[in-house]
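Derivation of every value follows stated rules applied to the coordinates shown; laboratory data play no part. Just so it is clear, the model here is predicted, and its values are computed rather than measured. Positions of Cβ are generated from backbone atoms using ideal geometry, with glycine treated the same way; all protein chains shown enter the neighbour counts.
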Amino acid sequence: MHKKRELIETGPFYHGTKADLKIGDLLEPGYSSNYGKRKKANYVYLTGTLDAAVWGAELAVGDGPGRIYCVEPTGTFENDPNLTDKKFPGNPTRSYRTQHPLRVIGEVPEWEGHSPETLQKMRDHLDELKRLGIEAIND
């Protein structure tokens, strides 16, 4: 069990997606995950680094362009166990998850994506995890 904390850091926070959102919109758990078998997500994810948000925007399911939003959590959040513990001790990616909504407070209009080769390597890696039946921690 991962202990939730009231304040891990103060932000700014980002969320990468392909959803077309507006300032004031809420991102909430309960929608299909962008990854794996697309199970109903029990969490919504945020990060304190623009690079992690870029990955989210580039790898999200959908046909639209990747977008990165500035978000503020409306409740407690915790380290994302999919990217911490044994994978990245100390959470250098500053990746978090919450069961509370995230409020969109802005958008990052210009950002640089990864090279096509780097992006393909990540997609290949995610495909291999899917093939092996390794799913994101969703509980």
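Tell me, in nm to one decimal, what length is gained between Ile23 and Leu50 on full extension, where the rule is 0.36 nm per residue of separation less the Cα-Cα distance?
Numbers: separation 27, 0.36 × 27 = 9.72 nm, distance 1.84 nm.
Between Ile23 and Leu50, full extension yields an extra 7.9 nm.
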Expressed as a rounded percentage, what relative contact order does the stretch 13-131 have, with Cα pairs under 8 Å and six or more residues apart? 34
Suppose every K and R has +1 on its Cβ and every D and E has -1 on its Cβ; what is the size of the dipole of the stretch 13-131 about the Cα centre, in Debye to the nearest 20? 540
Under the rule a/c < 1.5 gives rounded, and otherwise a/b versus b/c splits prolate from oblate, where does the stretch 54-126 land using the Cα gyration tensor? oblate
Long-range amide H partners of Phe13, meaning residues 5 or more apart or on another chain whose placed amide H is closer than 5 Å, are Val71
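Please list 115-124, 68-77, 20-29 highest first by mean number of surrounding beta-carbon atoms within 10 Å per residue. Kindly include the intermediate steps, with their values, before the conclusion.
Numbers: 115-124: 11.1, 68-77: 19.0, 20-29: 13.3.
In decreasing order of mean packing, 115-124, 68-77, 20-29 become 68-77, 20-29, 115-124.
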Multiply the residue gap between Val61 and Arg131 by 0.36 nm, knock off their C-alpha separation, and tell me the result in nm, one decimal place. 23.4 nm
